[in-house]
Every structure is written in C-alpha cells, then in structure tokens.
1. Check the range 254-271 and report whether any residue there is among the aromatic types (Phe, Trp, Tyr), crowded, with 21+ Cβ neighbours inside 10 Å and touching a residue at least 60 places away in the same chain (Cβ under 8 Å).
2. Does residue 309 qualify as being surrounded by fewer than 17 Cβ atoms within 10 Å (Cβ to Cβ) and of a type in the set (A, V, I, L, M, F, W, C)?
3. Which ones in the range 295-317 are in contact with a strand residue (DSSP E or B) (Cβ under 8 Å, 6 or more places away or on another chain) and not charged (D, E, K, R)?
4. Which of the strands (runs of 3 or more DSSP E) found entirely inside the range 79-169 contain at least 3 residues meeting this: within 15 Å of ligand 2 (Cβ to nearest atom) and of a type outside the set (Lys, Arg)?
5. Would you check which residues across the range 382-402 are within 16 Å of ligand 1 (Cβ to nearest atom) and surrounded by 20 or more Cβ atoms within 10 Å (Cβ to Cβ) and list them?
6. For the range 321-344, how many residues meet the condition of being under 13 Å from residue 292 (Cβ atoms), buried (at least 24 other Cβ atoms within 10 Å of the Cβ) and of a type in the set (A, V, I, L, M, F, W, C)?
7. Name the one entry in 316, 334 that is among the β-branched types (Val, Ile, Thr), more than 14 Å from ligand 1 (Cβ to nearest atom), touching a Gly at 6+ places or on another chain (Cβ under 9 Å) and not in a strand (DSSP E or B).
8. Select, from 56, 38, 85, the only residue that is within 13 Å of ligand 1 (Cβ to nearest atom), at pLDDT 95 or above and surrounded by 21 or more Cβ atoms within 10 Å (Cβ to Cβ).
Amino acid sequence: MGYTIAQKIIKEHLVSGEMVAGQEIGLKIDQTLTQDATGTMAYLQFEAMGVKRVKTELSVAYIDHNTLQAGFENADDHRYIQTVTKKHGVRFSRPGNGICHQVHLERFAVPGKTLIGSDSHTPTAGGIGMLAMGAGGLDVAVAMGGGTYYITMPKMIRVNLISKLGDYVGAKDIILEVLRTLSVKGGVGAIVEYAGEGVKTLSVPQRATITNMGAELGATTSIFPSDEVTRAFLAAEGRESDFVALASDSDAEYDAEYTVNLSELQPLAACPHSPDNVKPVSELQGKKINQVCIGSCTNSSMLDMLTVAAMLKGKTVHPDVSLSISPGSKQVYTMLARCGALADLISAGARILECACGPCIGMGFSPQSAGVSLRTFNRNFLARSGTADANVYLVSPETAAASAIAGVFTDPTTLGQAPKIEMPTSFLVDDNLVELPVKAEDADEVTVERGPNIKPIPVGKEPAKDLQCSLILKVGDDITTDHIMPAGAKILPYRSNVPKLSEYCFTVCDPTFPERAKAAGGGLILGGSNYGQGSSREHAALVPLYLGVKGVIAKSFARIHVANLINFGIVPMTLENPDDYEKLTQGDELEIQGFAAAIKEKDEAFVENKRTGEKVKVKLTLSPRQREILLAGGRLNYTKKNG
Ligand code: MIC
Ligand code: SF4
C-alpha cells in the first residue's frame, strides 16, 4: 500500500510508535515557532528545563499578538522574549515584521519538514507541503530542547478539488464549504489532504488560507502537495533551493474522501458564532453591516491585499461602515506601498493597522454594541471581537471589500467581471527585522530581562487516591478556549501572570466562576462534545489548574486542549454514555474512588453522584506516557523526575 503525503513525512520523522491510526506516535520536529501571547510561557518553560541551546534546525519567535501596548506588560514580555531567544539560539521576528504564520510561510516554511508552533493556526504552512501542527507552549519548549512531539496517529481525509474557481470566489469560500460539510468536529483525529486537478489552479497563499482554517475543522493538520506552484512561490521568495516535490502515492488509502467542485462554489459566510455555521452570501444580501476587518493569518497575503485594493480603487467605504486592513507582513506592507495599492486603500477610507493579529484577537477595533462585523478571519466565537453582543461573520476578502463599499452584505459575483490579479513573480526579500541569536559560546553575555508582570508558573500535584470534590461548572457542546480563557486587549497582557488571568476564567459563560472555584477549593468541570476547541493556549489548562480544577469530564475533547490538560496534570475523562451528561448537575458533590489507581492502569472509572447515589462511567483514554505525566502531577514534574 502506498502512502499519503502526511504519512510520508510522518514516516521520515517517526521516533516512536506505529503508524496505526489512533495509536500514540512520537515525531522529530525540525522547526518550531512561537508567538508572544503563548511565547512568554513557552520560554519560561524552556528555561525551567535547563537546556542551553535549542536543538531544532530552526526556531523562530514572533511578536504579533500583544502589540497594543496600553501598559508596560506587553512591552516587558516582548523584551523578555527578545533577550531569552537571543541567548538560547532562537531567531526573533520583531514587532512590525508581521503575523507569525504569514511570515513563516514567506520566509521559513519548507516542504516535507515538520513544524510545531504554540499557535493553533500553525497548519498554515501546510499550504507549502509542510507537516505543521499547533501545540501547547510546553510541547513547543520540549521540541526546542530536542524532545519528541507526541500525537495520536491521525486518520487521513482526502478532499478532491475539481475544476477552478469562478470570478470573485476565493480560497476562503473553499474552506468555508469544507467547514459547512464537515463541521468544527469533522477533522478531529484526522489530517486533511487536498488533491485533484483544482490544486494546481491555487497559489501557495490560497492553499495556506485553506490549511489555516483546517484548525477550525479540529484537524491535526491539513496539507497540500508540493508542486510547480510551490516551486514558483519559493523561487519568488528567493529560496527555490528549499523546494522538494511531494505527492501522495496513487494507491494511498484514505479513511474518507470528499469532492469540492470549485466552479460551482459561490461566496459563503460563516454566521455567528461558529466557523461552521455557513450560508451563501446571497442569502444575506442587503443585510446592514457596521464594520469590515480585512487581514489575519487567514487572508492577509499580497494576493488578498491586491484583490481588495483593486476593488476599492476609486471608491469610498460606505459612511456607516468602519473598515480596517492589516497586511500580513512587512513584506506585504512594503510591497503594497511601493506599487501604489496602499494609496488606493487609504484613499477609499480604509483604516490601516500595523501588520499583526489586531482585531482578530480583540486587540482593538472591537465592533459597536450589537454590531455586525464582516471579517476575513478564521474565528467568530462569542465575544472574541471584544464586544460581547457583536455578530461576527467570516467572509472572503472579495465579499468583505464589496460589502464595505455597499454598506450591506454584498455577493461580489453580482459585480460583473473581477479584476485580474497576478501573483508577483518575485517578492521583496529583506529579513532585516529578524534578529539572529548570539553564538552558543557568547550566550553568557546575554542577560535575560524579566518584567514585574512575569509570575511563577503553577505546578500540578499528584492525583488524590480517592477524589472527592464538587462539580463546579457544567457547560455545553463546542466550548472553545476563548470561553475557558478569553483573550482581547484587556486580558492578553496577563498571559505571563496566571493569578491575574484567573480572574477572567470562564467569565464568558459564568462571571461568578473564578470566585466560586476558589471558594470551593477547585473541583471538576463537566463539558459537552468537542470541549476545548479553538486556540492552542495552554492558559486554558494552566489557569483552571491554578483555580484547583482536578479533572474535566466531557462527551469529547479537542486535540490540542486535551494535550494541554494532561501536560498540566488535569485529568481528561470521557463519558462512556453521552446521555449521562444529564445525570450530573452543577454543584453536585462527586466522588471517584480509586482515582489515582485508575489513572495508573485502568481504562475506566466511576463518578459517584453523592446527591443521587447514581454512578456514571467515564473512560480514561490515555497512553502509558500520559498516565505517568498525570501521576507525576504534570509534565514539568514528570520531566524533572525522568530527566
Ligand atoms: C487564536 O487565534 O486564538 C490565537 C490567539 O492565535 C491562539 C493562541 C493564543 O491564544 O495565544 C491560537 O490560535 O492558538
Ligand atoms: Fe493571530 Fe488571529 Fe491568526 Fe490567531 S487566528 S494567529 S490571533 S491572526
């Protein structure tokens, strides 16, 4: 039997385990990336491991999330990351250089290599044929130290793209169609590979838009073949020597296959508050809008920006609409300025923001009360924009630009012929904002600067022999890490200050949670299906740990979050019978007899509800390595014990 593209890369990087779907495998990681909102924690953990120099082929630290500096905190964290990376062998992408995924795609991603990043949209680099996965900061720290990265061997899903896109239909519409079909749970436990004749009609940035939002499918990652289009992109970036061709074998087997006919696609929008709540824009046509935001790691490439500039040229943004544009990188921004397209955007009334995540993570540009915001981003979770009652729709740059001018939802295909935008054949290459680390022998000369906002990392405890505690929170399906540990301009500055951060834990669902959790001395949480979907932020485990959470019971979990829970010693337990969810009520006193023994060697445990006397069976789906981590009270303790 032949191999899929992902299987070929996994095979070359396999350190432990067998390539059998569902089994734990260990992978050698070639490259890592961090961003600032997760990076501070990742480097604190790297320092705690005592490794002097990173052991990867390439590690890059980006500053792109916390760039709104309303106090000293973010600037201090930037300085910490700048100095710690200089000392330990990591390249430092300065604020102003762009969004991690866009810059990594342009300058560093290599087909056939492995990459993990402390950000869930790391699979963006799958657009260039790289096996790129999002991970918790601690996993990235371990990989930087030369350690193995563990995942569950995924199933393989193939999406065949046939024909080619029509005018004004974008790569965003392809991935929205896939999300409409598969849902936010459809990719869990799988790698999505794109194939078919339609692939060669898509440029690398378009492919990257699609693999980027594979994160919203819950997929381990998504990947495109590496072909002549990839070679041309790398050549345009002045790095053709990084090219290797990659394709799946003709007899490779997939667990599921889907087909998207590109010529039949129409502009789509993900409606509030989930990326899979997809409708055709034509059904929303004429609905009043208040805000449009163009950018983010999904749609901020030169191609996206040139398309938007061509559509806005000579027009004025509707008076009732506020339009923000954040180019994805310094490369994009500079090229836009040089070719004059930036002037077209400014003249039309766009408010140009720095090349960073910005409004995507609620770093400014929050919509008005109950506002309707069209965004070319990848997530429209409740309150993520910073305005609790805003309605955020995810759309293509084409739909965003057309609607910004009209002031209402506008299907761009009604505008006639689309402007013809060509991919540049050469990009402006200048890595002057990427600082190189000092040589290993000079490391002692670098002093790591730590601001007062950096507080110690909470460390887990060994599990109790028998667990007795209350159910301190019951939540529903599809709980995101934005619910568990919200982000935004006010909260993000505390990413290295867990005690302060804990004041906001779960407040989107229940403003009383932090107080109640503390008063109860912690306890258990009950969730529905796909618990912890969304971002890779390990703060969604670290902060509950700080508040005393011992375990989470759910119908099912999202991949990165479950790994983070285990890393911090919080036990994930899956309801054997999802209907038992109804048997537990918030406030119930619970008991798990033989808790530690079950973690050690059993696949199941029983949760006794002291109020009703009923017992609920939960599954402990854990590898031997994960059991040991939990028994040690988390990965930091485990690593200390095992070296
Ligand atoms: C996101 O898009 O939610 C983030 C902010 O980039 C996160 C990382 C974080 O919370 O810092 C992600 O996607 O992992
Ligand atoms: Fe930044 Fe948004 Fe991309 Fe996350 S999804 S990395 S916040 S641009």
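The values are calculated or read from the model by the stated rules, or taken from the named source; none is laboratory data. Every value quoted in this text rests on a predicted model; they were computed, and no experiment measured them. Please note: Cβ atoms are built from the backbone with ideal geometry, for glycine as well, and neighbour counts cover all protein chains shown. The protein model used for the area step is the full one, side chains on, heavy atoms only, and it has no ligands, DNA or RNA in it. Shrake-Rupley method; radii C 1.70, N 1.55, O 1.52, S 1.80 Å.
1. No.
2. Values: surrounded by fewer than 17 Cβ atoms within 10 Å (Cβ to Cβ): no; of a type in the set (A, V, I, L, M, F, W, C): yes.
In short, no.
3. Across the range 295-317, the qualifying residues are 295, 296, 300, 305, 308, 317.
4. 114-117, 131-134
5. Residues of the range 382-402 that are within 16 Å of ligand 1 (Cβ to nearest atom), as a first pass: 382-386, 392, 394.
383, 384, 385, 386, 392, 394, listed by residue number.
6. So the count comes out to 2.
7. Values: 334 fails: touching a Gly at 6+ places or on another chain (Cβ under 9 Å).
One residue alone meets the criteria, 316.
8. 38
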